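**Student:** Handing you a structure now.
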Amino acid sequence: MSNQDDDYVYDQATGEWRPASEMAATDASALEVRDASGTLLADGDAVVLIKDLKVKGAGQTLKQGTVIKTIRLTDNPEEIDCRHDAIKGLVLRTEFVRKR
């Protein structure tokens, strides 16, 4: 039986309340997100664009060398969520960024 002091965390994937220690073990085996050069990315990292990207819907081009600060990882290991001064809700493919 589980320890009485163990906190429980809601697991959205299964829809069940599970012990926090069990969830921590699951998080350790979570998806690895890597940039174009194979460097491991984490929430809060800053990245640099490695090529010019036309942003659909914004009518704007982000130039190579543009720094994107404070990224967030998504469920997809090939995409990151980020913000740019002029574009909110920007999703970039990891193949076009390099960790700063």
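**Student:** Answer yes or no: is there a residue in region 83-98 that is at pLDDT below 90, farther than 30 Å from ASP7 by Cα and of a type in the set (Asp, Glu).
**Tutor:** Yes: region 83-98 contains one or more residues that are at pLDDT below 90, farther than 30 Å from ASP7 by Cα and of a type in the set (Asp, Glu).
**Student:** Sticking with this structure for a sec: Mind checking which residues of region 23-66 are assigned to a loop (DSSP other than H, G, I, E, B), modelled with pLDDT under 90 and more than 26 Å from ALA13 (Cα to Cα)?
**Tutor:** If the condition is that a residue be assigned to a loop (DSSP other than H, G, I, E, B), modelled with pLDDT under 90 and more than 26 Å from ALA13 (Cα to Cα), then LYS56, GLY57, ALA58, GLY59 are the ones that fit.
The values are calculated or read from the model by the stated rules, or taken from the named source; none is laboratory data. For clarity, every value in this text was computed on a predicted model and none was experimentally measured.
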